[in-house]
1. Dipole of segment 284-380 (Lys/Arg Cβ +1, Asp/Glu Cβ -1, origin at the Cα centre): which of Gly319, Ala348, His300 lies farthest to the positive side?
2. Determine how many Å³ per residue the convex hull of the Cα atoms of segment 86-244 encloses.
3. Using only the alpha-carbon atoms, how far is helix 122-133 inclined from the longest principal axis of the chain? Give it as 0 to 90 degrees, nearest 10.
4. Students often check this: by mean Cβ neighbours within 10 Å, which of 197-204, 395-402, 414-421, 109-116 ranks highest, and how do the rest follow?
5. Report, to the nearest 10°, how far helix 399-411 tilts away from the longest principal axis of the Cα atoms in the chain, using its own Cα long axis and a range of 0 to 90°.
6. Counting only Cα atoms, I'd like the Rg/Rh figure for segment 157-301, Kirkwood definition for Rh.
7. So what is the relative contact order of the chain, in percent, for Cα pairs below 8 Å that sit 6 or more residues apart?
8. Positive end of the charge dipole of the chain (Lys, Arg +1 and Asp, Glu -1 on Cβ, about the Cα centre): tell me which of Gln252, Gly155, Ile269 has its Cα farthest that way.
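Nothing in this text is a laboratory measurement; each read-out follows from the coordinates by a stated rule. Values in this document were obtained by computation on a predicted structure and should not be read as measured data. Glycine also receives a Cβ, built like all others from the backbone with ideal geometry; neighbour counts cover every protein chain displayed.
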Amino acid sequence: MSLSPSAQPEVTSQQAVSVTQTSCCVVGGGPAGVMLSLLLARRGVPVTLLEMHKDFDREFRGDTVHPSTMEVLDQIGLADAVHEIPHGKISGPTIRFANGPFRPFDLSRLKTRFPYILMIPQSRFLEFLSGEAAKYPQFRLLMHAQVQRLIEEDGVVRGVRYLGPDGLHEVRAPLTVAADGRFSLLRRLAGIEPMKTSTPMDVLWFRLPKLPTDPEVASGLLGGIGGGRVFIVLDRYDYWQAGLVFPKGIYQQLRAQGVESVRQSIVEIDPRFSKNAESLTDWQQLTLLSVESSRCPVWHKPGLLLIGDAAHVMSPIGGVGINYAIQDAVVAANVLANPLKSGNISEADLAEVQRQREWPTRVIQGMQSIMQNRLLAGALSSQLAPKVPWQMRLFVRIPILRDLPTRLIAFGARHVHLKES
Ligand SMILES: Cc1cc2nc3c(=O)[nH]c(=O)nc-3n(C[C@H](O)[C@H](O)[C@H](O)COP(=O)(O)OP(=O)(O)OC[C@H]3O[C@@H](n4cnc5c(N)ncnc54)[C@H](O)[C@@H]3O)c2cc1C
């Protein structure tokens, strides 16, 4: 898990054990950092990737690989190999309203080789990408490497200092990329402040067992709203990954009522999961996650670029965070590979990455914010499941309109392709 702002590592003034030089120092082995490292290494750019954990195995980071990411993997010849990792496929959510089920988007209608969301455990996906990157001699991966500070000289970032199992080290580079996630330490050290783009929410995340009596979930994703809460269920092959979403401020009340209140919410919102909910007997089975979204006004300073959640924290609505992080990586590789190879990287190059990626991020965050507010407002308006507005039902019947949200989820606001030279 990324470091929370209140748990910053201790910064020491000890001498570094070693100093190494590379062309691009990427901090953070999430989707943004691993993909950028792979793309730069295959373009012949020496790159060092630092990840503070000793493996990629972390929960609650999402498992959704969208068509935009699949098309990039296809461009670099990895689409078939990624399908060999055990996976599920979903085409879109089915949300239960009082006046019937509703599908806000349906990827199966898309004209692409990959008209679905591939559900792959993120750890397996990252292992796969880093394994591919390791085939290039320009790539160096440092696990268990916790970056503690930026090396800055004359106002320019020249690399980072990190703590490894054997002490402090330095990696120096003309470009450092902060791909260190939503609690980005590098962002804070660079003095860049993100702005909130939606009201924060809380999610209780838990597993439910699969039962022979379970409903058929052809789309792989179900949702329901009511009683001030949103209940979501994701098909994870041998269990259901479930979440109960609610506005900030009511967690303490729920906690005081105990796990019974969570079971009760499930029964009220989607009684088909009543039996599964009986497996929830202890609050320890639930994990509380805070969901927010924000965006930095600037994504760069001399020698430093922010990408992925470090530049814009994405709400889980629409499951686009991983894919947006990967799109940032693709654009960064497109714009920066040549300047990095020639050793001529300028701040204008970094600004170009922000220019190409900021407006698609604004569009999707705006949409997430509207959906989030509508969902929670709808949920709060009644103790029973609210009705889907007739305008939305009409919208999805008009072909030219109904495919807009689908395309936005599948490819983002700007369809990104990899440039090969
Ligand atoms: C509850 C929840 C559910 C979500 N579900 C989905 C979903 O279903 N689909 C989806 O697409 N998105 C989902 N998201 C969003 C998604 O997780 C992020 O948008 C995405 O992971 C961003 O990728 P990233 O590479 O920018 O950052 P991250 O995935 O956060 O990776 C950052 C990496 O940096 C490392 N790191 C941090 N600090 C340091 C340091 N100092 N030194 C070295 N390494 C460091 C971390 O260990 C981590 O591996 C969800 C988010 C939340 C909160």
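1. Gly319
2. Working: hull volume 34.0 nm³, N = 159.
Given the Cα convex hull of segment 86-244, per-residue volume reads 214 Å³.
3. Value to nearest ten degrees: 30.
4. Working: 197-204: 18.8, 395-402: 11.5, 414-421: 13.9, 109-116: 15.5.
Output ranking for 197-204, 395-402, 414-421, 109-116: 197-204, 109-116, 414-421, 395-402.
5. 40
6. Numbers: Rg = 20.8 Å, Rh = 18.4 Å.
Looking at segment 157-301, the ratio lands at 1.13.
7. Values: 857 pairs, mean separation 93.8, N = 421.
After rounding, I find 22 percent.
8. Checking the options against the dipole of the chain, the answer is Ile269.
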